[in-house]
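> First the structure, then my questions, so here it is.
Every number here is computed from the coordinates shown, using simple stated rules; none is lab data. Quick caveat: nothing in here was measured; it's all calculated off a predicted structure. Counting neighbours? That spans all protein chains shown, and the Cβs are built from the backbone with ideal geometry, glycine included.
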Amino acid sequence: MSKKQGKKVWKWLNNITTVLLFTILIGMLAVVIISKFSGGEPGIFGYQLKTVLSGSMEPGIKTGSIIAVKPGGDMTRFKENDVITFQADEKTVITHRIVDVTKSGEHTIYQTKGDNNNAPDMDPVLSENVVGEYTGFTIPYVGYFSNFVQSKNGAFLLLIPGILLLGYSIFIIWKTLSEVEASNQRDKGQVKESAEASS
């Protein structure tokens with residue numbers, strides 16, 4: 001391999017490494033920042049992003065997937081076969097399919113069931129506890145990564161791409177300055193030789 005080809009390969013590897021580090025850093029930062037600003041619930045374009053932690057809705061929604069949920073609106077509007085996300089208790093949010101709808105005065109009560117479960121959920125869901133409607137948008141397995149990044153260990157590891165990127169940038173700047181300095185020295189040497197030759 002010639003010296004010129006070697007420089008091309010080195011430059012190509014530099015560019016690939018830089019883009020890769022920037023992509024990882026920006027992706028991890030985006031997940032953390034969106035989560036923090038939305039109070040721990042990432043959202044985009046008016047949709048909430050939820051991480052699925054169980055297999056109750058498989059095969060349609062895989063464990064570890066991220067799903068998009070549309071919040072707001074009339075929570076009494078849902079009908080049988082709609083998939084809703086609801087607050088089961090203070091800490092638990094569930095996404096299941098409606099199998100029955102009951103009207104009781106001003107209240108609407110939903111009977112729900114996970115597609116992969118043998119029986120309906122034991123507790124009925126009040127319309128007031130519905131968070132939103134599942135839109136059908138899902139990204140398999142990304143939820144594992146999202147949960148990890150939002151953990152203390154994940155937040156610490158977020159620093160690693162940043163440190164690598166900073167170190168790599170310093171190295172590239174140093175290398176570029178060295179090449180410029182070497183080029184200036186060569187130019188000065190050529191000018192000196194030219195001046196000596198003419199005198």
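> What is the spin-label model distance, in nm, from Glu90 to Asp115 if the labels are put 7 Å beyond Cα along the C-beta direction?
With each label point 7 Å from Cα toward Cβ, the separation is 3.3 nm.
> For Lys175 and Val9 in one chain, what is 0.36 nm times their gap in residues minus the Cα-Cα distance, to one decimal in nm?
58.2 nm
> Now for a different question. Net charge near Met57, counting Lys/Arg +1 and Asp/Glu -1 over other residues with Cβ under 10 Å of its Cβ?
Taking every Cβ under 10 Å from that of Met57, the sum is +1.
> Would you mind ranking Glu106, Glu58 so that the residue whose beta carbon has the fewest other beta carbons within 10 Å leads the list? Spell out each step's value before the answer.
On the way: Glu106 7, Glu58 14.
Ordered by Cβ neighbours within 10 Å, fewest first: Glu106, Glu58.
> May I pose another question? So what's the net charge close to Lys113: Lys and Arg +1, Asp and Glu -1, counting the other residues with Cβ under 10 Å from its Cβ? Write out the running numbers ahead of the final one.
Working: positive: Arg97; negative: Asp100, Asp115, Asp121.
Its environment carries a net charge of -2.
> Would you kindly give the portion of the calculated P(r) for the stretch 42-139 that falls above 21 Å, as a percent of all Cα pairs?
Details: 1269 of 4753 pairs.
Beyond 21 Å sits 27 percent of the P(r) for the stretch 42-139.
> Also: If I model a spin label at Arg77 and Leu126 as a point 7 Å from the Cα along the Cα→Cβ vector, what separation in nanometres do I get?
Each label point is offset 7 Å from its Cα along the Cβ direction, giving 2.2 nm.
> Moving to a separate point now. Sticking with the crude label model, points 7 Å out along Cα→Cβ, report the distance from Phe45 to Val101 in nm, one decimal please.
Label-label distance for Phe45 and Val101, simple model: 2.7 nm.
> Net charge near Ala88: determine it from the other residues with C-beta under 10 Å of the C-beta of Ala88, scoring Lys and Arg +1 and Asp and Glu -1. Don't skip to the end; give the middle numbers.
Working: positive: Lys91; negative: Asp89, Glu90, Asp121, Asp123.
Residues near Ala88 contribute -3 overall.
> Ranked by Cβ crowding within 10 angstrom, fewest neighbours first, how are Glu179, Glu133 ordered?
Result, fewest neighbours first: Glu179, Glu133.
> Neighbour counts of other C-beta atoms within 10 Å: give me Leu13, Leu53 arranged from fewest to most.
Neighbour counts put them in this order, fewest first: Leu13, Leu53.
> Further question on the same structure: May I ask you to derive the relative contact order of the stretch 42-139, considering only C-alpha pairs under 8 Å and at least 6 residues apart, and to give it as an integer percent?
30
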